[in-house]
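Notes follow the structure.
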Amino acid sequence: MTSAVECRGLVAGHGAVPVLRPLDLTVEHGTVLAVLGPNGAGKTTLLSTLAGLLPSLGGEVLLDGRPLPRGKPRAANQAGLVLVPDDRALFTTLTARENLTLARRAGAPALDEILDMFPALRDRMGVAAGALSGGEQQMLAVARGLVQKPRVLLIDEMSMGLAPVIVEDLLPVVRRIAETTGAVVVLVEQHVKLALEVADRAIVLVHGDVTLAGSASELAADTGRLEAAYLGGAAA
């Protein structure tokens, strides 16, 4: 079976400076992949390159076996790669409903289905996005991704700026998204324990190199190996 997402020798960076060294990666349909690692490891660079916001410096990205053009975010989005950025990038003066309506694609799940995943948003649809709480804004950002009918949902730092109790409520939704839509979810996250609880597989990036890769359950059970990977001391 063809992998949903495949990176072959992917090199990525800013300008001509590589941040992410040759990366080989395959992710199957309905899988949650957690991308872990310290700040500056190349995690956001990876998502930005997958989304077409940065042109790759080498290698290629394939979606369902078809190569994606380099550095073309519109083409990547139309192919089904949808990015939820760490700053959420909401239209703050528009209501939550308007943000979803503008992004919605034909064939996407009905709004009621989306709100079943984020019940706290139901009574907030008429509120300007900028007036929502941080947690509500993050829910709206992910919901906006879902109404674009993603084949691959890229979520960058879902927990950024949120209280731990809110993160504990939000992260399990990632698992539900993969199971109910069949989409791949690539989750960049600093809350390692929570990310591993909802992910199927995980990789650890350090200085642009994959220092560890494996099933999320195995990595969660071997904290020593995980800590060594963060220090760059484990084999990929």
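Here are some notes:
- Restricting the stretch 89-111 to residues that are farther than 12 Å from residue 141 by Cα and among the hydroxyl-bearing types (Ser, Thr, Tyr), the residue that is surrounded by the fewest Cβ atoms within 10 Å (Cβ to Cβ) is 93.
- Checking each residue of the stretch 90-107 against the condition of being part of a helix (DSSP H, G or I), at pLDDT 95 or above and closer than 18 Å to residue 11 by Cβ gives no match.
- Residue satisfying all of: in the stretch 24-58; β-branched (Val, Ile, Thr) and within 14 Å of the chain's Cα centre (by Cα); surrounded by the most Cβ atoms within 10 Å (Cβ to Cβ) among these: 49
- Residues in the stretch 206-225 that are touching a residue at least 12 places away in the same chain (Cβ under 8 Å), surrounded by fewer than 22 Cβ atoms within 10 Å (Cβ to Cβ) and not in a strand (DSSP E or B): 207, 208, 216, 217, 220, 225.
- Leading residue by the ranking (modelled with the highest pLDDT) among those in the stretch 9-29 that are of a type outside the set (D, E, K, R) and outside any strand (DSSP E or B): 29
- Within the stretch 149-163, residues that are within 11 Å of residue 137 (Cβ to Cβ) have Cβ atoms under 9 Å from residues that are of a type in the set (Gly, Ala, Ser) and at pLDDT 90 or above in these pairs: 160/134; 161/134; 162/134; 162/135, counting only partners at least 6 apart in sequence or on another chain.
- Some residue of the stretch 181-193 being modelled with pLDDT under 95, part of a helix (DSSP H, G or I), on the phi < 0 side of the Ramachandran plot and of a type in the set (Lys, Arg): yes
- Some residue of the stretch 22-37 being within 22 Å of residue 151 (Cβ to Cβ), in contact (Cβ under 8 Å) with a residue 60 or more places away in the chain and touching a Cys at 6+ places or on another chain (Cβ under 8 Å): yes
- Condition check for residue 144: among the basic types (Lys, Arg) and either within 29 Å of residue 28 (Cα to Cα) or surrounded by 14 or more Cβ atoms within 10 Å (Cβ to Cβ) (or both): yes
- Single residue of 177, 166, 114, 203 found to be out of contact with any Cys (no Cβ under 8 Å at 6 or more places or on another chain), without any contact (Cβ under 8 Å) to a residue 60 or more places away in the chain, under 30 Å from residue 225 (Cβ atoms) and surrounded by 15 or more Cβ atoms within 10 Å (Cβ to Cβ): 166
- Scanning the stretch 59-76 for residues that are in a helix (DSSP H, G or I) and surrounded by 17 or more Cβ atoms within 10 Å (Cβ to Cβ) yields a single hit, 76.
The values are calculated or read from the model by the stated rules, or taken from the named source; none is laboratory data. Just so it is clear, the model here is predicted, and its values are computed rather than measured. Here Cβ is always computed from backbone atoms with ideal geometry, including for glycine, and neighbour counts include all displayed protein chains.
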